[in-house]
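Here's the structure we're looking at; comments come further down.
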Amino acid sequence: MELNNGHSEKTEGEDRLSLLTDDILLSILGRVNISTAARTSVLSTRWKHLPWLLQELTMDVKDFLPALLPNLVEAEPIDSAMALLTKAIRSFLGTHRREATISSLQLKLYLVENYSDVIGSLLSEAIGVGTVKDLDLSILGEKEPENCNDEDMLQQASSVDGFFSAYPGVLHCLTRLSLYNVCFAEWDMNHFLFDCCKQLQYLYLSNCDTGGLTAWKIHAPESNLSVLELDMCFLGKLEVLHLPELKRLRWDGWMCPNAPLSFGVVPSLKELYLLCGATVHFKGFKLSEVLRDTMVQNLTLSFQGEKLWMQPEGKQLCTAFSKLRKLSLHDIFVEFDLLWIIVLLEAAPSLEIFDLEIWEHPCTASTEARGITFGERTNPLWKTSEFTSSEEWLLKEVQITGFSPMDQQMTFIRAVMERASNLQTLILKDYTPCEDCEHIGALPRSERLPAAGVFPKDKEEQDMVVKQLIIEDMASCHVDIIFGI
């Protein structure tokens, strides 16, 4: 059916919105959830056909759950939500009403047996006749990760395996896949993910493992996977042996006492994000060994307010950092010395952007439980004087979030400004608000910390910081110092 892009005369009782052209109305419908889009079809004959002209669809089972449902999802609301989602899928994918090809379908569902078979059949048929071209599928977990045991995760794996075994046609246009609470101990995940899902480009795994902290080895030279994201996936180790198209890898939370991952053939890898709080049993590892034979350009390391999980190094990092353009160090405990970071900057002369975030959270204060899990926060002791590069830094921009005029921060900033002759911009920002700190009723930093621990709010305080940073032998400094919120 062709779009109505002309301006017809306004009929009696028809609102002004209905006089908009089809492409504008479709743009509006594309911004609301699927249940709202479907309801518009009863507004008037003008709107009746529009939802079935949408070429990009997002169908999320959570849109059909009660608004005030707690995180611990119960079986009855899930069943009701899946019934409504199944009805919506049948309506929107049915060929008798569908008036346009779906170029992109984002689908989030629970694998509830009564509905999985219906949805699997509908998807397979729509893909088979060419109605759906690109599928982004999320198979959600019915329990929060902290409430899952091994049996739950094995059952989820069995359900996922059963679904794709029964409806292999779904894999033909699967480009993005997200799985939750899956244990792959009894399932050949590599065959499924890399041999069967030939179009897969994005993979997200949350609370997934291989059973018993065993290693996950990926050797997939024919895979098109470009993004791999792991969230609280407790593996013995991740060994990426061969993934030629992998561009970005993100791993948030691991339990490995030593190096959590290693790389083989990853010629396209440009972005690496490693986020973890080091537990008492974590021995640390040499970052240079992990990054060996890679050409990472954007590196983010988060320590979540705990001790560093990487061992001190110097010139060993030069090869690994040779192509680095942006380095982000997040969640550095507020009381830590910062001069050790100079070693990283010296090893990355091509670095252009450096991003630092300071960690100061009453919601994770030194409680007994935190101490048992993470141990003592030990100040980084790197010998910065033992490694100094002769190369000129290309560093142009430094951003610090959680800035305060503490000695540690001021000393570090001055050291960077003295060394970075090409530095153009220094952005100093306050902490990002923390809902957990607000929930426990923590006082504002201005009321519980000394002045040196608080972000300078007014111009007088900010001018004082600038004066302290631009010392006498830096009179010719032309760095633009910006105070943000």
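Quick notes on this one:
- All positions within the range 409-456 that are over 29 Å from Trp393 (Cα atoms), of a type in the set (Val, Ile, Thr) and surrounded by fewer than 16 Cβ atoms within 10 Å (Cβ to Cβ): Thr432, Ile440
- Selection within the range 388-407 - out of contact with any Ser or Thr (no Cβ under 8 Å at 6 or more places or on another chain), touching a residue at least 12 places away in the same chain (Cβ under 8 Å) and surrounded by fewer than 18 Cβ atoms within 10 Å (Cβ to Cβ): Thr388, Ser389, Glu391, Asp407
- Test: residue in the range 326-334 that is surrounded by fewer than 20 Cβ atoms within 10 Å (Cβ to Cβ), over 30 Å from Pro433 (Cβ atoms) and not basic (Lys, Arg): no
- Filtered by the rule that a residue be within 18 Å of Glu146 (Cα to Cα) and at pLDDT below 95, the range 234-263 gives Phe234, Leu235, Gly253, Trp254, Met255.
- Across the range 377-388, the qualifying residues are those that are part of a loop (DSSP other than H, G, I, E, B) and charged (D, E, K, R), and the one among them that is modelled with the lowest pLDDT is Lys383.
- On the stretch given as the range 41-96, residues that are of a type in the set (Lys, Arg) and modelled with pLDDT under 65 total 2.
- Selection status of Lys307, among the basic types (Lys, Arg) and surrounded by fewer than 18 Cβ atoms within 10 Å (Cβ to Cβ): no
- Residue check, Tyr110 under 26 Å from the mean Cα position of the chain (by Cα) and modelled with pLDDT of 90 or more: yes
- Positions within the range 244-265 being within 20 Å of the chain's Cα centre (by Cα), aliphatic (A, V, I, L, M) and under 27 Å from Lys198 (Cβ atoms), in sequence order: Leu246, Leu249, Leu261
- Filtered by the rule that a residue be under 23 Å from Val118 (Cα atoms) and of a type in the set (S, T, N, Q), the range 143-180 gives Gln155, Gln156, Ser158, Ser159, Ser165, Thr175, Ser178.
- Output for the range 298-349, where each listed residue is within 21 Å of Ala415 (Cα to Cα), within 24 Å of the chain's Cα centre (by Cα) and among the basic types (Lys, Arg): Arg325, Lys326
- Those residues of the range 254-271 which are more than 19 Å from Glu313 (Cα to Cα) and either among the hydrophobic types (A, V, I, L, M, F, W, C) or in contact with a Pro (Cβ under 8 Å, 6 or more places away or on another chain) (or both), in sequence order: Trp254, Met255, Cys256, Phe263, Val265, Val266, Pro267, Ser268, Leu269
- Listed by position, the helices (runs of 4 or more DSSP H) inside the range 72-168 whose residues that are within 29 Å of Leu235 (Cβ to Cβ) and of a type in the set (Ser, Thr, Tyr) number at least 2 are 150-166.
The values are calculated or read from the model by the stated rules, or taken from the named source; none is laboratory data. Note that the structure is predicted; figures quoted are calculated from it, not measured. All Cβ positions, even for glycine, are placed from backbone atoms using ideal geometry, and neighbour counts span all protein chains on display.
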